[in-house]
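Just below is one structure, and these are the notes that go with it.
What follows is calculated from the coordinates using simple rules that are stated; it is not laboratory data. This is a predicted model, so every value here is computed, not measured. Glycine gets a Cβ as well: all are built from the backbone with ideal geometry, and neighbour counts include every protein chain shown.
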Amino acid sequence: MNIVKQLNQFNDNSVYFCQPIKNNIIDNGVFIRILYKIKTFVLNGVYLLLHLKDVRIEKYYNKQKYIFDINKNKEVIEKVKEIEETMLKKASIRNKTPLFKISENITHGNLKIINYNTNYQKSTNINMNVFNKEQGKGQFIQMNQQETTEDITKINSDIYVILKISGIWENDTCYGLTFKCAKTIEEI
């Protein structure tokens with residue numbers, strides 16, 4: 001199980017970085033895992049819940065592309081940009097250019113949603129716990145692991161997306177956050 005935080009619950013003082021390791025994807029690069037400390041335990045990565053309004057879904061290779069109105073989602077966009085900038089600044093990587101890939105995607109009004117395997121006819125779900133600080137209790141939601149091609153539709157509705165930030169990639173000249181987006185099955 002993972003803990004999903006709402007955007008307003010993100011605390012940059014809870015973000016820690018592991019030692020850099022060789023990046024298996026980027027030549028001559030390193031990967032720095034991000035840890036997120038919550039009182040008595042530590043999570044691998046940061047999981048944030050995004051509530052997107054007026055979303056249209058399009059098939060995009062083995063993923064889905066969520067296209068949304070940037071004006072209707074301005075608050076979410078600004079908060080995600082702020083979080084990305086804060087995390088990259090906190091990493092204190094010198095003499096390299098930060099690349100804001102999450103901001104780049106979200107400010108253009110789209111996110112690619114991972115579909116782990118579009119050949120299966122049934123979905124496998126992962127339970128996630130969204131902690132509501134104001135009410136002092138958690139709420140379970142589910143995230144898709146597998147979807148069928150029949151699940152890809154074109155709609156205009158509000159959708160919740162889980163943004164997972166797992167670490168920082170770095171090469172000789174620049175660096176940025178590694179991230180994935182997944183949709184929730186249940187509405188919150």
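Some notes on this structure:
- Extending 7 Å from Cα along the Cβ direction at LEU99 and again at PHE41 yields two label points whose distance is 3.4 nm.
- Extending 7 Å from the Cα toward the beta-carbon at both VAL30 and CYS18 defines two label points whose distance is 1.4 nm.
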